[in-house]
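**Q** For reference, the structure I am asking about is given below.
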Amino acid sequence: MKFIPNSKIKDSMLKDIGLNDIEELFSDIPKKIGIKELDLPKGLSQLETNQKLRGIAKKNKSFHDIISFIGGGIKPHYIPSVIKTIISRAEFYTAYTPYQSEASQGFLQSMFEYQSIISEIMGMDIANCSLYDGVTALSEAVLMCTRIKKKKTFLIPGNISWEKKSVLKNYTKGPEIKIKEIAYDKKTGKIDLIELKNHIDEDISGVYLENPNFFGIFEDDVNEISEIVKGSGSLFVVGVDPISLGIVKSPGDYYADIVIGEGRSFGNPMDFGGSSLGIFACKKEFLRQIPGRVIGLTKDKEGKRAFCMALQTREQHIRRGKATSNICTNEGLCALASTTYLSWLGSDGLEYLSKTNFEKGHRLAKRIESLDSLEKVFTGIHFNEFVIKSEKDANIIIKKLLKKGIQGGLIIDKWYPELKNCMLFGVSELHSNDDIEKLVSALKEVTNV
Amino acid sequence: MYRFANYNEPLINELVKSKKEKCKIPNLLPSSLKRKEKINIPNLDETQVVRHFHHLSQMNYGIDTGIYPLGSCTMKYNPKICEEIASWDDFTNIHPFQDESTIQGNLQIMFELERMLCEITGMDFFTLQPAAGAHGEFLGMLLTRAYHEFNRNFERNEVILPDTAHGTNPASVAMAGYKLVEISSTKNGTVDIDMLKHALSNKTACFMLTNPNTLGIFEDEILEISKLVHDAGALLYYDGANINAIIGRERPGDMGFDIVHLNLHKTFSTPHGGGGPGSGPVGVKINLEKFLPIPRICKNKNRFFFDYDVPDSIGKIKGFYGNFSVLLKAYIYIIMMGKDGLKETSEIAVLNSNYMKEKIINIGGYELPYKKLRKHEFVLSCNKLKQEKNIRAMDIAKRLLDYGFHPPTIYFPLIVKEALMIEPTESETKQELDRYINALVKIANEDPDVVRNSPNNTPVKRVDEVGATKNPILTWKMI
């Protein structure tokens, strides 16, 4: 049998331990609950498996078959070949969580480097070595604010993804945390400062701001927002698109306490939304409240530099019901891919990448706006995503684009009913100017009909 | 014997000094947001990057290096074909919000995987959204709450757990806002039925159980347990971390469990990646289906589609649909193994474990508390070695590294003193098991000083973990 070497010698092994039949090893299980066999096909050979999967893969259209301009917090990015070389090292990808530090120095050091790089980018003191994704990272941040401030209300803006709101509702249900939503400015797409001032008081544990937000718009009133939040004694949680931070200030520069984000874009494929990488960074003073694994630098008994999992006393395998989070398995390999990616890119590369995404975002928006029946909804400055409103039925536009081999923007009125016939477009360094022109001329055709 | 490489590998910021330079920022960017100085990460050459991470990899142990018998972690071999197929562009380069007509392949994988997991566990419906086992447990608790609230049972705020439960169980229960009620085990190492009866009440929301439990012992009174829990109006939850012991033979659904989570990165052979990405799908019986997260994956004739229109659903617990690449690898593994291969898996996993257990306890030095017959894992106590020679479980673990092996899980479950929790899985050859057994026996008879001062053949000697927590240095800025 495949991958089960002792199948062939099971009788002699049984005999070695004084047994005759494999069933004797299961004699303590009530007969009533056994099944004769699973209702599944027999196993396939590797060749048959490969052929079957080829057939299924053909039913997909990847970014290479269909140019996609869809936004929603995830876009294709270039992945240098170095990444696959490194994360395919079996010593990395077939390892478990590094409980035994002496046998895991390689992974531990790379995770220390990950935490260091993420802290630099975010302008924070410390980072953990990953959470599931950017969406659950917000929920963990809210739980952390509640632990620190011992207050049970948290403010979120309306201009974040519906998925974040839904996940947050589930994470805060048990601990009975009240989530209040601050309306966004319908003209600019940014958080409404008057609304924020109206909602904030000393009972709030923290306030979340997303920059750029779900509509792709930069929140540029960060200094004023930070003052309002800090003035009330609440914690300031900021969510970022890490790709933007090559040209945009770190949230630490506007006094964020906790920074979260989706790190997939640093060297990981879209993978249909997963694997993902939850970034979580914060100020040093909250060290003992941080959720998830953290790696620390220490010494071995001879004084040599060494790495290990630190602050394990916060974690479920030690603290059980009193842990800061239930996280065990996180997104280790995705964090390694990101570390490799950022080492390869360097600060110069990240700045260039950031700038390119910004410029592509503006080129595409300008070109689409030049068309008669399409206009940008919000006046705020955007990054590489933006919302376009159509005079005609957006569903029809998207279907027609699809026939031309183009995936258009994401229709969002299901989650934001006020944004009828609006599409969230996204673009990255992977889209050439020709791709952009192809979309624009297709849009021209389908909106003119 | 396996030997680690031993580099004094610098941190990447020590490979080259980064200069403080100003950024060149597009004019259009609002001035309040303009970055002034470049980020402090080094600009390296590709050669330097590859060498650096290559060196690091050589100071790390994986299942491809050798046996990795961490109890309750099911470190089995990860077939290479799964890795290769899951990296095909046709699967990876797909945006989750693409039009449904362009993602039929991925939807088919997810739809069929859900059906296969239902068959394997005896459950009615599955969701693939949770990113890890603990995430699945947390979802299980949310579903429990949704179920009781739907039935207007608001007073059920307790979850019962045995003292052998995985650490994630109580942590997930607490995160979901439930009160923990822990019951101790019998002298056989199984659930104490009298204690359970006593703990159950109209306040009980759920009883969480791992079967076989973390001692590797099958809870043979499971049908009675199930009846008691259901008679009390509570739900029965199955922690699937240990399902490799019974796969293809027995199913939690047939034992009366209402909610099940699986760890695809354990039982279904997807790699652990040094701690993720994982996947912790959750299966339920039909009475809980309507609460499952959205979107559900449905099929109409030959077309697969997402259904977001589920009024009683709890909503979402993660962005998008779960860790798809992990789902795909597990799908490939299952169709390759088939019904025959899966059954062979559990049988040989249990045989390997009992083989090791018999050999070790017959040679001496280690004790096996509780009942003798074990499933896929067993837990030894080296308390006698501690008493007689002052050798602790930690010392044995570190000394195993000198013999080129990865140690077992140690100090868990908590009810065994100086515990060594060993799960060899079905992947190992008899020769590898014998070598491991010999190493354990040798260590028990070695000079205690040598054992206490181990490891010596690793890139670093015994690491000061207490220091890392007392004086935490988590980034290069903090050095």
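**Q** Identify the residue in region B:328-339 that is touching a residue at least 40 places away in the same chain (Cβ under 8 Å) and not β-branched (Val, Ile, Thr) and, among all such residues, is surrounded by the fewest Cβ atoms within 10 Å (Cβ to Cβ).
**A** If we take residues in region B:328-339 being touching a residue at least 40 places away in the same chain (Cβ under 8 Å) and not β-branched (Val, Ile, Thr), then B:339 is surrounded by the fewest Cβ atoms within 10 Å (Cβ to Cβ).
**Q** Could I ask something else about it? Please go through region A:161-175 and give me each residue that is crowded, with 23+ Cβ neighbours inside 10 Å and hydrophobic (A, V, I, L, M, F, W, C), ordered by number.
**A** A:167, A:168
**Q** Do we find that residue B:207 is touching a strand residue (DSSP E or B) at 6+ places or on another chain (Cβ under 8 Å), outside the structural domain of residue B:423 (by TED's automatic domain parsing) and in contact (Cβ under 8 Å) with a residue 24 or more places away in the chain in this structure?
**A** Considered against the rule, which asks whether it is touching a strand residue (DSSP E or B) at 6+ places or on another chain (Cβ under 8 Å), outside the structural domain of residue B:423 (by TED's automatic domain parsing) and in contact (Cβ under 8 Å) with a residue 24 or more places away in the chain, residue B:207 comes out as yes.
**Q** Which ones in region B:405-424 are in a loop (DSSP other than H, G, I, E, B), touching a Cys at 6+ places or on another chain (Cβ under 9 Å) and either within 11 Å of chain A (Cβ to nearest Cβ) or buried (at least 24 other Cβ atoms within 10 Å of the Cβ) (or both)?
**A** The one that is in a loop (DSSP other than H, G, I, E, B), touching a Cys at 6+ places or on another chain (Cβ under 9 Å) and either within 11 Å of chain A (Cβ to nearest Cβ) or buried (at least 24 other Cβ atoms within 10 Å of the Cβ) (or both): B:423.
**Q** Any idea which residue in region B:1-43 is farthest from residue A:362 (Cα to Cα), counting only those that are outside any loop (DSSP other than H, G, I, E, B), without any contact (Cβ under 8 Å) to a residue 40 or more places away in the chain and aliphatic (A, V, I, L, M)?
**A** Only one residue fits best here, namely B:15.
**Q** Need the failing condition index for residue A:150 against (1) buried (at least 24 other Cβ atoms within 10 Å of the Cβ); (2) at positive phi, just the number.
**A** (1)
**Q** So, one more: For region B:295-326, what are the residues that are at the interface with another protein chain (Cβ under 8 Å from one of its Cβ atoms) and either within 15 Å of residue B:114 (Cβ to Cβ) or acidic (Asp, Glu) (or both)?
**A** Residues satisfying the conditions are B:321, B:322, B:323, B:324, B:326.
**Q** Could you say whether any residue in region A:37-49 is without any contact (Cβ under 8 Å) to a residue 60 or more places away in the chain, more than 7 Å from chain B (Cβ to nearest Cβ), outside any helix (DSSP H, G or I) and closer than 30 Å to residue B:80 by Cα?
**A** So far as region A:37-49 goes, yes, one or more of its residues are without any contact (Cβ under 8 Å) to a residue 60 or more places away in the chain, more than 7 Å from chain B (Cβ to nearest Cβ), outside any helix (DSSP H, G or I) and closer than 30 Å to residue B:80 by Cα.
**Q** Further question: Filter region B:66-90 down to the residues that are within 7 Å of chain A (Cβ to nearest Cβ) and over 19 Å from residue B:356 (Cβ atoms), then identify the one that is surrounded by the most Cβ atoms within 10 Å (Cβ to Cβ).
**A** Of everything passing the filter in region B:66-90, B:78 is surrounded by the most Cβ atoms within 10 Å (Cβ to Cβ).
**Q** Which condition number in (1) at the interface with chain B (Cβ under 7 Å from one of its Cβ atoms); (2) surrounded by fewer than 21 Cβ atoms within 10 Å (Cβ to Cβ); (3) under 20 Å from the mean Cα position of the chain (by Cα) is the one that residue A:116 fails?
**A** (2)
**Q** Given the residues B:149, B:114, B:100, which is the only one that is more than 7 Å from chain A (Cβ to nearest Cβ), in contact with a Leu (Cβ under 9 Å, 6 or more places away or on another chain) and over 29 Å from residue A:38 (Cα atoms)?
**A** B:100
**Q** Continuing with this model, one more query. Please report, ordered by residue number, the strands (runs of 3 or more DSSP E) entirely within region A:296-411 with at least 3 residues that are buried (at least 17 other Cβ atoms within 10 Å of the Cβ).
**A** The qualifying strands (runs of 3 or more DSSP E) are A:305-310, A:385-390.
**Q** Please state which one of A:283, A:249 is of a type in the set (Lys, Arg), under 26 Å from residue A:223 (Cα atoms) and away from every other protein chain (no Cβ under 11 Å).
**A** On inspection, the qualifying residue turns out to be A:283.
**Q** While we're looking at this one, here's another question. Of all residues in region B:44-53 being surrounded by fewer than 23 Cβ atoms within 10 Å (Cβ to Cβ), free of Cβ contacts under 8 Å to residues at least 12 places away in the same chain and at the interface with another protein chain (Cβ under 7 Å from one of its Cβ atoms), which is farthest from residue A:88 (Cα to Cα)?
**A** B:46
**Q** Consider residue A:262 carefully, then state whether it is more than 7 Å from every other protein chain (Cβ to nearest Cβ), surrounded by 20 or more Cβ atoms within 10 Å (Cβ to Cβ), over 19 Å from the mean Cα position of the chain (by Cα) and more than 30 Å from residue B:471 (Cβ to Cβ).
**A** no
**Q** Within region A:182-227, can you find the residues that are out of contact with any helix residue (DSSP H, G or I) (no Cβ under 9 Å at 6 or more places or on another chain), surrounded by 22 or more Cβ atoms within 10 Å (Cβ to Cβ) and part of a loop (DSSP other than H, G, I, E, B)?
**A** Scanning region A:182-227 gives A:189, A:190, A:213, A:215.
**Q** I'd like the full set of residues that are facing chain A (nearest Cβ under 7 Å) and in a loop (DSSP other than H, G, I, E, B), limited to region B:453-475.
**A** B:455, B:458, B:459, B:460, B:461, B:462, B:464, B:472, B:473, B:474, B:475
The values are calculated or read from the model by the stated rules, or taken from the named source; none is laboratory data. It should be emphasised that the depicted structure is a prediction, and the values quoted were computed from it without experimental measurement. Cβ sites come from the backbone with ideal geometry, for glycine too, and all protein chains shown count toward neighbours.
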